[in-house]
1. Below 11 angstrom from the Cβ of Tyr23, what's the summed charge of the other residues (Lys, Arg +1; Asp, Glu -1)?
2. Give me the net charge for the shell around Ala149: Cβ to Cβ below 11 angstrom, other residues only, Lys and Arg +1, Asp and Glu -1.
3. Within 10 Å, count the other beta carbons around each residue, average over each peptide in 76-85, 42-51, and list them highest first.
4. Could you check how much of the accessible area of segment 1-60 is carbon and sulfur, as a whole percent, using a 1.4 Å probe?
5. What residues have an amide H closer than 5 Å to that of Asn79, excluding those fewer than 5 places away on the same chain, when H is modeled at 1.01 Å from N in the peptide plane?
6. Hey, if we sort Tyr13, Tyr125 by accessible area with the 1.4 Å probe, largest down, what's the order?
7. Quick one: the Cα spread of segment 1-60 along its three principal axes, in angstroms, biggest first?
Amino acid sequence: MDVRPMFMTKICYALTDLSEPGYGNTKVIPGSHKNNTLAGRPEKEGDPIIEPEGAVEVLLNPGDAFIFDRRLWHSRSMNKSERIRKLMFIGYTYRWIRPLDEAVADQSSEWFKGLSPLHQQLLGYGPDHASFWGIKQSGWIDDEIPLRAELKSRGLLDRTIPFLR
């Protein structure tokens, strides 16, 4: 099975002391970015949440940061203290990926509807939440995303070259 391409890098800054486990630290599974699935992930509402094998809490002093591939399985851990966990996450992705911020353009306006699908995508339109990340609901790359389709038609995407995936 092909590994999903990297579309986003995140930086996590610790604003509070998370130098010991149990403070709601970010938890990761090292190497999980190389898999397309996570064993034990709930399939539907009400399924039990199972602690994934290999999950570790990231320990950070105030002011520390860690950089990670967004595909890396990550979650908060349980905060078993009275301390309020404060972290700041900053993400970087390709500009052709649908933005996470609120769309400024009125997507119901006649002006917006008159734009090409490519221009609509660059202004935040997408058919569903998964398209925010350049994938289909199934988790596979969506080659029908307007900009990806355009780049592919011009021969500018090559899955053998990581930065052109």
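1. +1
2. On the way: positive: Arg148, Lys152, Arg154; negative: Asp142, Asp143, Glu144, Glu150.
Cβ neighbours under 11 Å give a net charge of -1.
3. Those peptides, ordered most packed to least, come out 76-85, 42-51.
4. Roughly 53 percent of what the probe reaches on segment 1-60 is carbon or sulfur.
5. Amide H neighbours of Asn79: Gly24.
6. On the way: Tyr13 80, Tyr125 100 Å².
In descending accessible area the options line up as Tyr125, Tyr13.
7. Answer, in whole Å and largest first: 38, 30, 20 Å.
The values are calculated or read from the model by the stated rules, or taken from the named source; none is laboratory data. All values reported here derive from a predicted model rather than from experimental measurement. Every residue, glycine as well, gets a Cβ built from its backbone with ideal geometry; the counts of neighbours run over all protein chains shown. These accessible areas exclude ligands, DNA and RNA; they are computed on the full protein's heavy atoms, side chains included. Shrake-Rupley method; radii C 1.70, N 1.55, O 1.52, S 1.80 Å.
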